[in-house]
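J.: A single structure is presented below for examination.
The values are calculated or read from the model by the stated rules, or taken from the named source; none is laboratory data. Note that the coordinates shown come from a computational prediction; the quantities given were computed from them, not determined experimentally. With ideal geometry, Cβ positions are generated from the backbone for all residues, glycine too; neighbour counts draw on all protein chains shown.
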Amino acid sequence: MLYMLYPLSFALLGLSFLLLRWLKFESLPTTVLTGLMGQVGRSRRFTLSTPDFVNEGYRKYSKGFARPFVLPTTWMRGGAVMVLPPSLVPLLTRPDKMSACEWRNIYGLVENIQLPYVVLDPNVYLNVLQFEPVRRKMQSRDMGHLAPITAEEIDEAFRGIWGTQTEWKTINGWEAALGNIAQLRHLALMALRAKYFQSRFVKEGTRAGGGGADPSMGSRQGRWSERAPSQLDARRIALRFVSLLIPLIFAICYVFAHCVFDILGSPARLDHKTGLASSEAINELFRVDSALRESMRMSGVFVTNLFRDVTTGELDIGNGIRVGPGIRTTFPTQNIHLDPDNYENPQEYDALRFSRPFEDAKGHVEERELVTTTTPTFLPFSYGRNACPGRWFAAQVIKQALAYIVQNYNVKLVREAVKRMALANAMVPPVNTQIKIQQKR
Ligand code: HEM
């Protein structure tokens, strides 16, 4: 299914190319020439050079003056976004709706992952009922019971895709990561489906009061069928699964593949000998956790992220600037992660950056930053009210898979990873990276 996204991405970019409109943010600096510069040239440049433009804006406006700048884009409706300075990250902790102003993340979120071009039903991609079970049922405390099942699935996936041969073999690292992660999706769907959307829901939802094995499910079905019978449409339920699968498979695979390549290119050695089938065992994986957090810091999926659309009222962002309805804001997340004021030697992948201070018990354990800990300078899972509720599940699975590799395989990069490239706001995944693998004897 992921492969469907590439042609769709190009179709979308082509469409944007034709439809790009120049949104006027009067009095704010932009990172390119304004005026009548050709739409065509602008679209082409932004398709390939978004990181350069954001770097320039970050240096000139975010850092120097704590001011926003305007980034013309080819990927957003309206054609431009307002990039807020890092000093405004704490705004993400405010409630979406306040008396002075409402802002919402959903429009930018679904557009950034191109959901409207994959799932055509706005009642699915804007009315995101499918987020609820993730928000309510996938907090860290709920994830431990999934560990034995994911451990088993990981073992099965690796044996099938990486194989059990003791001779070296060369494989495409990205495709192998995708295959391994894709097998795990059934599990997450099982977890979600069990709560809300299982097939019984459709069959029994129309019966008075439901009557399934789970009484709370039955009454919920009854309520839903009274209030919104259209939500019991099987096609719509299937589309809700699809719209969860996209972040699930793509994001986990992307992060996992990058982390494998980053670790292979680094001198740090991760050792893991205990089991992977309990949350206690996974919680002990501090070095693996650090290697993953460091990889996510360096190898983000997007150049800018954490979109918010002002929908009513005005948002006061300081310096006398008030942002009104219709404006979409975002943050320069990649620059924040690579800023030397935030991280020492930020361009260097240091797998043990976050675990080292605690190795010799000098660090206070309660200050330990795990991959799921969001801070104003670590934003891959966002920050504040809408921070990713799937992150404990994602982190648990990726750490299990990384530790599984450490335990079971010798792995080498065939050649050094190539320079990362951007396509519009997204960083192109390392689709051509070859690795050599051999099962440990
Ligand atoms: C490594 C993998 C993942 C990454 C990097 C990631 C990252 C993100 C980011 C950046 C957001 C945007 C938050 C915002 O607008 O401020 C988000 C939202 C969300 N993610 Fe994830 N995510 C990942 C995996 C998952 C998984 C596995 C699930 C579900 C099982 C999930 C479910 C969600 C949901 C439901 C939201 C919307 C939250 C809201 O609007 O309140 N994510 N994620």
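J.: Can you name the residue in segment 294-316 that is more than 12 Å from the ligand (Cβ to nearest atom) and in a loop (DSSP other than H, G, I, E, B) and, of all such residues, is surrounded by the most Cβ atoms within 10 Å (Cβ to Cβ)?
T.: Val303
J.: Just to be sure before I move on: is Lys436 surrounded by fewer than 17 Cβ atoms within 10 Å (Cβ to Cβ), assigned to a loop (DSSP other than H, G, I, E, B) and not acidic (Asp, Glu) in the structure I sent?
T.: Answer is no for this residue.
J.: Let me ask another. Given the conditions (1) assigned to a helix (DSSP H, G or I); (2) of a type in the set (Ser, Thr, Tyr); (3) surrounded by fewer than 18 Cβ atoms within 10 Å (Cβ to Cβ), which single one is not true for Thr373?
T.: Of (1) assigned to a helix (DSSP H, G or I); (2) of a type in the set (Ser, Thr, Tyr); (3) surrounded by fewer than 18 Cβ atoms within 10 Å (Cβ to Cβ), only one is false for Thr373: (1).
J.: Taking segment 398-421, which residues are of a type in the set (A, V, I, L, M) and out of contact with any Asp or Glu (no Cβ under 9 Å at 6 or more places or on another chain)?
T.: Answer for segment 398-421, where residues must be of a type in the set (A, V, I, L, M) and out of contact with any Asp or Glu (no Cβ under 9 Å at 6 or more places or on another chain): Ile398, Ala401, Leu402, Ala403, Ile405, Val411, Leu413, Val414, Val418, Met421.
J.: So which residues in segment 266-293 are within 19 Å of Ile149 (Cα to Cα) and either surrounded by 21 or more Cβ atoms within 10 Å (Cβ to Cβ) or touching an Asp or Glu at 6+ places or on another chain (Cβ under 8 Å) (or both)?
T.: Thr274, Leu276, Ala277, Ile282, Leu285
J.: Please work out if Ile405 is part of a helix (DSSP H, G or I), modelled with pLDDT of 90 or more and in the same structural domain as Tyr254 (by TED's automatic domain parsing).
T.: yes
J.: Working carefully through the options Gln347, Gln438, Gln407, find the one that is more than 30 Å from Gln139 (Cβ to Cβ) and in contact with a Lys or Arg (Cβ under 9 Å, 6 or more places away or on another chain).
T.: Unique residue meeting the criteria: Gln438.
J.: So which residues in segment 416-430 are farther than 23 Å from Pro267 by Cα and in a loop (DSSP other than H, G, I, E, B), if there are any at all?
T.: Met421, Ala424, Asn425, Val428
J.: If the Cβ limit is 7 Å and pairs must be 6+ apart or interchain, which residue in segment 295-313 that is among the basic types (Lys, Arg) pairs with which residue that is near the ligand (Cβ under 10 Å from one of its atoms)?
T.: Filtered contacts from segment 295-313: Arg308/Arg104; Arg308/Asn105; Arg308/Gly108.
J.: For segment 388-403, name all the residues that are among the hydrophobic types (A, V, I, L, M, F, W, C), within 10 Å of the ligand (Cβ to nearest atom) and touching a residue at least 60 places away in the same chain (Cβ under 8 Å).
T.: Trp392, Phe393, Ala394, Ala395, Val397, Ile398, listed by residue number.
J.: Turning to a different aspect of this structure: For segment 404-435, name all the residues that are small (Gly, Ala, Ser) and within 16 Å of the ligand (Cβ to nearest atom).
T.: Ala426
J.: Any chance segment 413-420 includes a residue that's surrounded by 13 or more Cβ atoms within 10 Å (Cβ to Cβ) and without any contact (Cβ under 8 Å) to a residue 12 or more places away in the chain?
T.: Checked segment 413-420: no residue is surrounded by 13 or more Cβ atoms within 10 Å (Cβ to Cβ) and without any contact (Cβ under 8 Å) to a residue 12 or more places away in the chain.
J.: Here is a follow-up. What's the total number of residues in segment 348-372 that are hydroxyl-bearing (Ser, Thr, Tyr) and within 14 Å of the ligand (Cβ to nearest atom)?
T.: Residues that pass the stated criteria total 1.
J.: So is Asp289 farther than 21 Å from Ile113 by Cα, under 22 Å from the mean Cα position of the chain (by Cα) and not in a loop (DSSP other than H, G, I, E, B) or not?
T.: yes
J.: Looking only at segment 135-163, which residues are surrounded by 15 or more Cβ atoms within 10 Å (Cβ to Cβ), acidic (Asp, Glu) and away from the ligand (no atom under 16 Å from the Cβ)?
T.: Asp155, the sole residue that qualifies.
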